[in-house]
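A.B. asks: The structure under discussion is supplied below as structure tokens; questions concerning it will follow.
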Amino acid sequence: MNLLRTDALEGALTRRREQIPSATVARLPLYLRALSELADRGVATCSSEHVATAAGVSSANVRKDLSHLGSYGTRGVGYDVQQLRDRIAEAIGQTQNWDVIIVGSGHLGSALAAYQGFGNRGIHIAAVVDEDPKLVGTSLGDVRVQSVADMPQIIAEQGILIGIIATPPDAAQSVADALVAAGVTSILNFAPTLVQVPDGVDVRQVDVAVELQILAYHEQRKATATVGGDAS
């Protein structure tokens, strides 16, 4: 009976995750970070406005997003910080640690491997691989760089499902293909090029240059508006 109940609960949670819009999923980690900060300060309850301010979104977005988790808060009281934090953590799979492999141990890969902020968010850098023989065998914090030729075995033995591409753009597609072939089903791509993957594999693209160009565009608009205002 308990097994049946557990299966039913897991099935309900899976269906709930499938129904959460992509835009909401992208904001949930922001809410989780905000709630963790509130919990660390000893705050027991909060309003949607508190979460919105800390996450940098509108309170309307917060209320709509949290409704997808079945959390509506209590009128006049707000949300229980600890309870809501646990619910979001469960929804985005942060109730367990996820092993990650980084492909590329150059400046970017090294920085990612050394980043201390992953651990408290359920991310564990389990392996780093590189094709450069001069880098293989070196250490990045607690992780030793291994040969990219050993990547399929590493992924299989450790059950790794998430990979990070931190290579030059011309190598990104072949790396993505190798990751998928080895069993990785989610990829974070830092190479400034798009990669093609089969259905069922999720890819998130992080292109710092593009983000800076967007900021440059906004700065240009501000400068143009200022000049136009002075002229008038």
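FYI, it's all coordinate maths here, none of it is from the lab. Since this is a predicted model, take the numbers as computed values, not measurements. With ideal geometry, Cβ positions are generated from the backbone for all residues, glycine too; neighbour counts draw on all protein chains shown.
A.B. asks: If a/c stays under 1.5 just call it rounded; otherwise compare a/b with b/c (prolate if a/b is bigger, oblate if not). Do that for the range 128-167, with a ≥ b ≥ c from the square roots of the Cα gyration tensor eigenvalues.
C.D. replies: prolate
A.B. asks: Could you compute the longest span of the chain free of trypsin sites (Lys or Arg not before Pro) located in DSSP loops and having at most 13 other Cβ atoms within 10 Å, not counting the site residues?
C.D. replies: 135-232
A.B. asks: Additional query: Would you mind putting 146-153, 47-54, 124-131 in packing order, based on average other-beta-carbon counts within 10 Å, highest first?
C.D. replies: Put in order of decreasing packing, that is 124-131, 47-54, 146-153.
A.B. asks: Further, regarding this structure: Averaging over all projection directions, find the projected area of the Cα convex hull of the range 81-192 and quote it in nm² with one decimal place.
C.D. replies: 7.4 nm²
A.B. asks: How would you classify the chain from its alpha-carbon gyration tensor, with a ≥ b ≥ c the square roots of the eigenvalues: rounded for a/c under 1.5, else prolate if a/b is greater than b/c, otherwise oblate?
C.D. replies: In terms of gyration-tensor shape, oblate.
A.B. asks: So what are the ³J(HN,Hα) numbers for the range 19-34, from phi and the Karplus equation (6.51, -1.76, 1.60; θ = phi - 60°), rounded to whole Hz, Gly and Pro as x?
C.D. replies: Rounded to whole hertz, the list is 8, 6, x, 4, 4, 5, 4, 5, 8, 4, x, 5, 5, 4, 4, 4.
A.B. asks: Highest mean first, how do 105-114, 210-219 rank when packing is the count of other Cβ atoms within 10 Å averaged over residues?
C.D. replies: Packing order, densest peptide first, comes out as 105-114, 210-219.
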